[in-house]
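Engineer: Below is the structure I would like to discuss, written out as structure tokens.
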Amino acid sequence: MSAPTLLLSDLHLPAAPSPLRETFRSFLRGPARESKAVYILGDLFEHWIGDDLGLVDYADEAQELRALHNGGVALYFMRGNRDFLVGKAFSAATGVTLLPDPVQIRLAGVATLLSHGDLYCTADVAYQRWRRFAHNRRVQQIFLRLPAKLRRRIAGAARGRSESDKQSKPVSIMDVDPGAIDAAFRRYDVDRIIHGHTHRPDLHQLEVDARIVERLVLADWHPGRCEYLRCDEDRIERVCLR
């Protein structure tokens, strides 16, 4: 039997030392070592405000990722809404391959679309407007030239606004839009979509154009539960680290 493929997202590792960071490093030294590939589908970090600062704040994680890569495990990283500024220096330091969002692969024998997930939260018009602004290359270039102290201050303010928005917006708006998901199934002609972002781990079976497809939502990490998805040749299962 071939080695499994592992997927995870939304760890939101803080820059300060924490049990979450320790658990992730244990994952890289443990289950990930026995896999053939690891896909990280965004928001690995609570914030990433440039490779120059991130590779210092998360030096231990970068070192463990590099060791895993050197051990022959394929590593793939898709940027999320908290770490969309992860760049080429991070890739060079860790050995991860940066992926576009979304990307198609074949997983456990099924044509599968991988995404962070925020692309499909189209009902949240204000967020999508912010996303387009934040992903503008010129805007990113200007931000990355700012002094480190100012970048950290801006990131802190953005996190505060995000938490405030979560309290004021209807829950349904922050979830993926069914129409956007159906459109993705049609556009990419896949039978499965795997994404994170919404912090609503579940398996949804849907009917799109008279065929049964599935949408699998990855779990977010929190002190009470840290989970990844294990994909073997013929099955997929959720595995809890703690």
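Engineer: Out of all the residues in the stretch 164-198, which are more than 17 Å from residue 131 (Cβ to Cβ) and either of a type in the set (Asp, Glu) or not in a helix (DSSP H, G or I) (or both)?
Structural biologist: Selection gives 170, 182, 189, 190, 191, 192, 193, 194.
Engineer: Tell me which residues, restricted to the stretch 4-21, are of a type in the set (A, V, I, L, M, F, W, C), surrounded by fewer than 19 Cβ atoms within 10 Å (Cβ to Cβ) and in contact (Cβ under 8 Å) with a residue 40 or more places away in the chain.
Structural biologist: Here is the first cut: in the stretch 4-21, the residues of a type in the set (A, V, I, L, M, F, W, C) are 6-8, 11, 13, 15-16, 20.
After this cut, where a residue has to be surrounded by fewer than 19 Cβ atoms within 10 Å (Cβ to Cβ) as well, the list is 15-16, 20.
If the condition is that a residue be of a type in the set (A, V, I, L, M, F, W, C), surrounded by fewer than 19 Cβ atoms within 10 Å (Cβ to Cβ) and in contact (Cβ under 8 Å) with a residue 40 or more places away in the chain, then 15, 20 are the ones that fit.
Engineer: Report, by residue number, each residue of the stretch 115-129 that is buried (at least 16 other Cβ atoms within 10 Å of the Cβ) and closer than 25 Å to residue 50 by Cβ.
Structural biologist: 115, 116, 117, 118, 119, 127
Engineer: Would you tally the residues in the stretch 66-91 being buried (at least 19 other Cβ atoms within 10 Å of the Cβ), out of contact with any Asp or Glu (no Cβ under 7 Å at 6 or more places or on another chain) and not in a loop (DSSP other than H, G, I, E, B)?
Structural biologist: Number of matching residues: 3.
Engineer: I would also like to ask the following. Condition first: exposed (fewer than 13 other Cβ atoms within 10 Å of the Cβ) and assigned to a helix (DSSP H, G or I). Now tell me which residues in the stretch 131-152 satisfy that. If you could, list the steps in order and put the result at the bottom.
Structural biologist: Restricting attention to the stretch 131-152, the residues satisfying the condition of being exposed (fewer than 13 other Cβ atoms within 10 Å of the Cβ) are 132-133, 136-139, 141-142, 145, 147-150.
Within the stretch 131-152, 132, 133, 137, 138, 139, 141, 142, 148, 149, 150 qualify.
Engineer: Tally time: how many residues in the stretch 43-65 are closer than 14 Å to residue 24 by Cα and not in a strand (DSSP E or B)?
Structural biologist: 11
Engineer: Something else about it: Write out, first by first residue and then by second, each pair whose Cβ atoms fall under 8 Å of each other, whose residues are 6+ apart or on separate chains, and whose first residue, in the stretch 148-169, is closer than 16 Å to residue 123 by Cα while the second is outside any helix (DSSP H, G or I).
Structural biologist: 169/124
Engineer: Mind listing whichever residues of the stretch 157-189 are out of contact with any helix residue (DSSP H, G or I) (no Cβ under 8 Å at 6 or more places or on another chain), over 27 Å from residue 112 (Cα atoms) and surrounded by 12 or more Cβ atoms within 10 Å (Cβ to Cβ)?
Structural biologist: Answer for the stretch 157-189, where residues must be out of contact with any helix residue (DSSP H, G or I) (no Cβ under 8 Å at 6 or more places or on another chain), over 27 Å from residue 112 (Cα atoms) and surrounded by 12 or more Cβ atoms within 10 Å (Cβ to Cβ): 158, 159, 162, 169.
Here, each number is a calculation from the coordinates, and none is a lab measurement. Small disclaimer: the values here were computed from a predicted structure and weren't measured. So basically every Cβ, Gly included, is an ideal-geometry build from the backbone, and we count neighbours across all protein chains shown.
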